[in-house]
Amino acid sequence: MGALLLAAAPAGADQPLPVEIIRVGAESAETTYTLTGTIEAVDDYPASFRDGGRIVEVAVEAGDELDRNDVIAQVDPTEANARLRAATAALQAAEAALVQARQARDRATRLLDEGNTTQSDLDAAVQAYLSARSDRNGARARRAVAARAAEDTVLRAIEPAIVTHRSAEPGQVMAAGQTVVTLANRGPREAVFQVPDIPELGAFLGSHVRLSPLEGGPGPGTSAPVSELAPVVGGNGTVETKVRINGTAAQLFSIGQPVVGVVTLARQTAITVPWTALTATADGPAVWTVDPADSRVRLAPVEIGAYTDGGIRIAAGLAEGEAVVGAGSQYLFPGREVRPLEGSE
């Protein structure tokens, strides 16, 4: 549908006015949106010490990649090691006492068999053995707790992960459970965008977005689908939109990296008219349509869907196949007879 850039000269009202006449038809339309956002981890979690203490070392920085059991940080182990030594000594003493009690029980059993002691003496020896065994078991459990506490003075990665934020420094006294660093696994990542609350927003969900580093930064691009739209509009009038990046493509971007996302949405078919066709009335926008029976024009109120470089997208008011006046519409009045400019229809 091309618009003829010919100015229609006024003619006598009794003569048909030559104008551009366009047969409108529904066309598929696409709109491309360019968004700016950042890469975030899908799953992140805090890492902290089971017990509090004064930090003596933080071995990582934000952005570091960790393998399982890599050291993250350490608190002063002096007290924990002292408790472990004491618990170990107590366990050794309990083990020795248990050995002595077992020997005394066995001796009392043998003497009773020989008739050289009484049943009450054997019962006392058995009771002493059972008590010593219980003491040994308790000492063993306390030693295990002390050993775990000593191990917990070193904070280690529980899986391959990336450090996204560091919250502690050497010399800082940390409470039990207080976050030292925030970690993210090396799995999927998300590009997070703030998208204006536009009518087409719902069509974003599931659409593929072409992602690339902002301002031509390092790294190739990839394509990934919109996986989530926030259910509420933010205070700045935007909706948080997430694009999930799976598989090896997730490793193309680093967490916190700025990215550009380009998404093209296919709209429903729409009627588009040239800019020259649009006029206005007291009630709003309108176009001139031509009655095929007598070639006379009338004003048809329309609802504008969007303004584009190629013309005006009409949301309502026109039917496919109607004849609309383009160039020359400024000379019209209701009932004016028109004829097409050469090559316009």
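No lab work stands behind these numbers, since they all come straight from the coordinates. Small disclaimer: the values here were computed from a predicted structure and weren't measured. Cβ coordinates were reconstructed from backbone atoms using ideal geometry, including for glycine residues, and neighbour counts include every protein chain displayed.
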### Query
Once you put a point 7 Å from the Cα of E65 and another 7 Å from the Cα of R210, both along the Cβ direction, what distance in nm separates them?
2.8
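Give the relative contact order (percent, whole number) for the range 78-150; include only Cα pairs under 8 Å separated by 6+ residues.
On the way: 49 pairs, mean separation 37.7, N = 73.
The normalised contact order for the range 78-150 reaches 52 percent.
What does the charge add up to near A108, with Lys and Arg as +1, Asp and Glu as -1, over the other residues with Cβ less than 13 Å from its Cβ? Walk me through the intermediate numbers first.
On the way: positive: R102, R105, R107, R110; negative: D106, D113, E114, D121, D123.
Charge balance near A108 sits at -1.
Find out how many positive minus negative residues lie around V243, taking Lys and Arg as positive, Asp and Glu as negative, among other residues whose Cβ is under 13 Å from that of V243.
On the way: positive: R189, R210, K242, R244; negative: E40, E190, E228, E240.
Once all neighbours under 13 Å are counted, the net charge is 0.
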#### Entry: Estimated inter-spin distance, T88 and A144, nm [label 7 Å along Cα→Cβ]
1.9
### Query
Once both axes come from the Cα atoms, what is the angle between helix 78-114 and the longest principal axis of the chain, in degrees from 0 to 90, rounded to 10?
50
## Note on the structure
Given the candidates A47, A90, M174, the one whose Cα lies deepest towards the positive end of the charge dipole of the chain, counting +1 at each Lys or Arg C-beta and -1 at each Asp or Glu C-beta, is A90
### For the range 56-61, 3J(HN,Hα) per residue [Karplus equation, 6.51 cos²θ - 1.76 cosθ + 1.60, θ = phi - 60°, Hz, x = Gly/Pro]
10, 7, 10, 8, 10, 10
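Can you tell me what percent of all Cα-Cα pairs in the range 94-229 are more than 26 Å apart? All intermediate terms of the calculation are to be shown ahead of the outcome.
Details: 5890 of 9180 pairs.
So the portion of pairs separated by more than 26 Å is 64 percent.
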### Query
Cα axis of helix 119-151 to longest principal axis of the chain: angle in degrees, 0 to 90, nearest 10?
40
### Fully extended contour minus Cα-Cα distance, from A316 to A266, at 0.36 nm per residue
16.2 nm
### Query
Which one of V226, Y307, A280 is farthest out on the positive end of the charge dipole of the chain, using unit charges on Cβ (Lys, Arg +1; Asp, Glu -1) and the Cα centre as origin?
V226
### Task
With a point put 7 Å past each Cα toward its Cβ, work out how far E95 is from N81 in nm, to one decimal.
2.2
### Query
Please state the relative contact order of the chain as a whole percent: Cα pairs under 8 Å, 6+ residues apart?
29
### Message
Quick check on the chain: helices-only [θ] at 222 nm, where DSSP H runs of length 4 and up contribute -39,500 (n - 2.57) each and the sum goes over total residues. Nearest 500, please.
### Response
-7500 deg cm²/dmol
### Sequence-separation-based contact order of the range 274-340, relative, with Cα cut under 8 Å and 6+ spacing, percent
37
### Summary
Listed by chain and number, the residues whose amide H is under 5 Å from that of I245, excluding neighbours fewer than 5 places away on the same chain and using placed H, are R189, E190, A191
### Task
Name the most mobile residue of G261, G321, G247, meaning the one with the largest mean-square fluctuation, in a Gaussian network model of the chain with Cα contacts below 10 Å.
G321
### Task
Calculate the all-directions average of the projected area of the range 274-340's alpha-carbon convex hull, and give it in nm².
4.5
### Message
Suppose every Lys and Arg Cβ carries +1 and every Asp and Glu Cβ carries -1, with no other charges. What dipole size does the chain come out with about its Cα centre, to the nearest 20 debye?
### Response
1560
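Taking a temperature of 37 °C and a viscosity of 0.692 mPa s, what whole-number D in µm²/s does Stokes-Einstein yield for the range 78-150 with Rh from Kirkwood over alpha carbon pairs?
On the way: Rh = 13.4 Å.
Answer, rounded: 244 µm²/s.
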## Note on the structure
A correct Kirkwood calculation over the Cα atoms of the chain returns a hydrodynamic radius in Å of 28.3
